[in-house]
Each structure stands twice: as C-alpha cells, then as structure tokens.
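For reference, the structure is listed below as structure tokens.
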Protein chains: 2
Amino acid sequence: MEIKEYLKILKEEIHSTVFATVDENGLPQARVIDIMLVDDKSLYFITAKGKEFYHQLMNKKYVAISGMTGGKGSLNKKAISLRGKVKNVGQELLDKVFEVNTYMCDIYPEKESRMALEVFQLYEGQGEYFDLSTKPITREAFTLGEAVEVKGGYFVTDKCRGCKICYSKCPQKCIDISVKPVVIKQENCLHCGNCMSVCPFSAVEKR
Amino acid sequence: MEIKEYLKILKEEIHSTVFATVDENGLPQARVIDIMLVDDKSLYFITAKGKEFYHQLMNKKYVAISGMTGGKGSLNKKAISLRGKVKNVGQELLDKVFEVNTYMCDIYPEKESRMALEVFQLYEGQGEYFDLSTKPITREAFTLGEAVEVKGGYFVTDKCRGCKICYSKCPQKCIDISVKPVVIKQENCLHCGNCMSVCPFSAVEKR
C-alpha cells in the first residue's frame, strides 16, 4: 500500500488512536487522541496547552501512535502503529479541524473556548501495518517523510543446515523450508523469537 | 466505580488496548495488546520473548495502557488510561489465557509454538476513566494496588475575586461560579488550561 492509504485508514477507519509519550521521569504515558486531518505524507492532531500531553510533545517532539479498526474480535482488526517526529503548527488549521470533525464542537462549543488548542503534525516516522485476519498474519512496514526504513526482525544466516526445527515451532509456519538456508517470510512473522531460541546451529539472527 | 469494574471494562468491553513503553533511546513505543485476564485488583497480558516489547517490559517494568470501547464516533466511546508497574509471572497462567481467549489458538495453534510466550501482570498503578458521551464529560481517577492516588488538575485559590472570566472560556462550563473562590469540578474538567491562562488574578493553579 501507499503511504497515503495507511494515513487514510488512520484517519477514516481508525480515527481514535492512542498516543504514547514519555514523561519527565522517563516513564511512558498514553491517552486516546483522534487523527483530525491527513495529507499525502503526514497527519495532524490537536491538544490543549494546559495538558501534560502538550508539554511532553513540546519537550520531546516525538510520539508513538497505535490504533485499530473496529471489527468484532481481535482477529478481525487491522492495526497500525507509527512513531516519529512531531511539530507544533499553531492554530492555522484549527478551523479546518472543527469543520472536518464536527463532533469536536460538542467538546469545545464556543470559538473562544478553543483558545488553548493547537495543531500538531507528525511529519516523519516509521510505521507498521498488521492484519491478524489473514492466515498467516500480515505485517508491512512503511515510512513517512525522510525517515529511513528499519527492517527489524529475524533472519536466517548461512549457518543454517536445513534441519527445520525452527519450522516445527513457528506459530505462523512462515518459514520457507524448500531452500537452504531457510527463509523467514518477514511479512508474516510475529517476531515471537521461537526460531532463534530453538535453532541448534545459532543460525537465526535478530536485527 | 470500584476497581474491579474498571478492570472488567478493560477486559470485556475494550479488550484490545494499546500498550506504551520506552525504548533504549528513551523514545515511546506503542502496540496493540489484548487484556487476557483480570482479577479483583490486577490485569494480565502476554507477549513473546522475541519481541522488543518483552525486553522493554523486563527492563523498565512499567507500562502505560490506553483503550476505548467500540461505540460509533468518538463521543460515544468510553476510554480508560492506566499506567503502572508490571511483573513477569512466567507461564503458569498460559493455559488459562488460551482457555479464556480461544481466538489466540488461531495465532499460536500448537502448544509447542507457545514456548516463547510469557504472562505479565500489571499489579500497581493509577488510572483514569473518561466518558465523552456525557455533557459535561466525565472523568474519574482510580488506583490499583498500593499506588498513591495523584489528583492532578486545575484548582482555584483564595486569590479568586469571582470575576467569572474563567467560566466564559471554559469549554465544559464545569466551574461552579455560585461560590467564591469559584470551584472547578474536577470530574468534568478537560484540563485544557483556559481558566489558568485567562485569570486576571493568577488565582488558578495547576497541580
């Protein structure tokens, strides 16, 4: 999928997500935040100057977002996790936010009650899309802005002797054992680490 | 509400939540995690030893959780945010997790594919419950285990002269102006900070 499709899922299908930040003690904090606007390569959200969240954003200029589509039961949900750099873009987009997300007028009814609100943009980062409804599960990585894509996961090296013990313990059976070294299908991997812990030849690497 | 009711909402109504942790660079990370079991005063979730999440849990022994009920539109959702201490309780409860949450058998089908999984318990922390469907909104704080309740928010001091400018800018009109000093109704406050920023007498304090 293209970046703007992930962003569209975040805005239209998920909309209410959880934003994680780090507080002054280095501990995580999380709260529900709606995705207010998206363009082709970034997303926008708002918060009020009086909130801890605002100060954490101004301080670290970094957030991690995670959210999922409705769907009944966890297995029918699609999830997106995204982390990266944010900046305060002031109040210029505020009217548009309220125009597009009219329900916000119930929370901040009068224009003058909106004075504390400011818009933030997530403009650079990396994300992952998960679909647990497929068998095996599907995961795809993507990047936003100038972030460099990091391909984390488990990989099989030349030390592999093709014993297939890894396959026997793999919950998703996402290892191609028709070749040697065997190949972990990254797009289906849960990152549980079973393959690495059972390999008798230490052929599996975590990157 | 009692603690166990919040926990029941987390397990039954919300179930899929977002867990936030801090990575080795001090940056937040977030992912969707299901609440697998609850008892009267704690909750349980699982993860696999191969995941970054596992290592972050073992390292900081602290998470922030946030999630919301389904409901159509943000205004019909109830949200719970909770942060606190976690500990690894091994694999003893693993069979029960799969018994209670049978859908997990689709992700980790064979028993031997579950070898990487371990159960964690959130046993102490503080939380907030939000209901945006009421007018004004409702928020309630609660604690888990031996955590000391922190009552953060905005409070009016004796410097108040009863000018009511704060009320005019309050999005939720949650300030009792029939008394002097006026009183902010903590259970309805958005923490936007408008009252503090407009008070001509610096009578509003953030705690």
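What follows draws every value from the coordinates through simple rules; no lab data is involved. As the structure is a computational prediction, the values presented were derived from the model and not from experiment. FYI the Cβ positions are ideal-geometry reconstructions off the backbone, even for glycines, and counts take in every protein chain you see.
Tabulated values for the structure
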quantity: Listed residue pairs exceeding 19 Å between alpha carbons, taken from A:Lys164/B:Lys51; A:Lys169/B:Lys96; B:Lys8/B:Lys60; A:Lys4/A:Lys78; A:Lys41/A:Lys185; calculated: A:Lys164/B:Lys51; A:Lys169/B:Lys96; B:Lys8/B:Lys60; A:Lys41/A:Lys185
quantity: Rounded if a/c under 1.5, otherwise prolate or oblate - region A:154-206, Cα gyration tensor axes; calculated: rounded
quantity: Which of B:Ile107, A:Ile177 has the fewest Cβ neighbours within 10 Å, and the rest in rising order; calculated: A:Ile177, B:Ile107
quantity: Diffusion constant of region B:87-142 at 25 °C, which comes from Stokes-Einstein with the Kirkwood Cα-pair radius and 0.890 mPa s, µm²/s; calculated: 172 µm²/s
quantity: Phi to ³J(HN,Hα) by Karplus 6.51 cos²θ - 1.76 cosθ + 1.60 over region B:57-62, Hz, x for Gly, Pro; calculated: 5, 5, 6, 9, 6, 8
quantity: Total formal charge among the other residues, if their Cβ is under 12 angstrom from that of A:Ala147, Lys/Arg +1 and Asp/Glu -1; calculated: 0
quantity: Scaled radius of gyration (Cα, divided by 2.2 N^0.38 Å) that the protein assembly as shown gives; calculated: 1.05
quantity: Copy-to-copy label separations for A:Lys111, where each label sits 7 Å from Cα toward Cβ, in nm and ascending; calculated: 6.9
quantity: Inter-copy spacing of B:Ala147 label points, which lie 7 Å from Cα along Cα→Cβ, given in nm from shortest upward; calculated: 2.7
quantity: No Cys partner within the rule (Cβ under 4.7 Å), chain A; calculated: A:Cys105, A:Cys160, A:Cys163, A:Cys170, A:Cys174, A:Cys189, A:Cys192, A:Cys199
quantity: Net charge over other residues, Cβ less than 13 angstrom from the Cβ of A:Lys206 (K, R count +1; D, E count -1); calculated: +2
quantity: Nearest-first distances (nm) between copies at B:Ser168, label 7 Å from Cα via Cβ; calculated: 7.8
quantity: Amide H within-cut-off set for B:Ala147, under 5 Å, with H built and near neighbours excluded; calculated: B:Gly125
quantity: Proximal aspartates and glutamates relative to B:Lys159, as straight alpha-carbon distance under 13 Å, when same-chain residues fewer than 8 apart are discounted; calculated: B:Glu205
quantity: Shielding score for A:106-115, defined as the mean number of other chain Cβ atoms within 10 Å; calculated: 6
quantity: Shape metrics for region A:3-144, restricted to C-alpha atoms - Rg then Dmax, Å; calculated: 15.4, 51
quantity: Average Cα contact separation per residue, chain A, under 8 Å, 6 or more apart, as relative contact order %; calculated: 16 percent
quantity: Ranked list, fewest to most other Cβ atoms within 10 Å of each Cβ, for A:Val89, A:Val119; calculated: A:Val89, A:Val119
quantity: Residues A:His15, B:His191, sorted so that the one with the fewest Cβ neighbours within 10 Å comes first; calculated: A:His15, B:His191
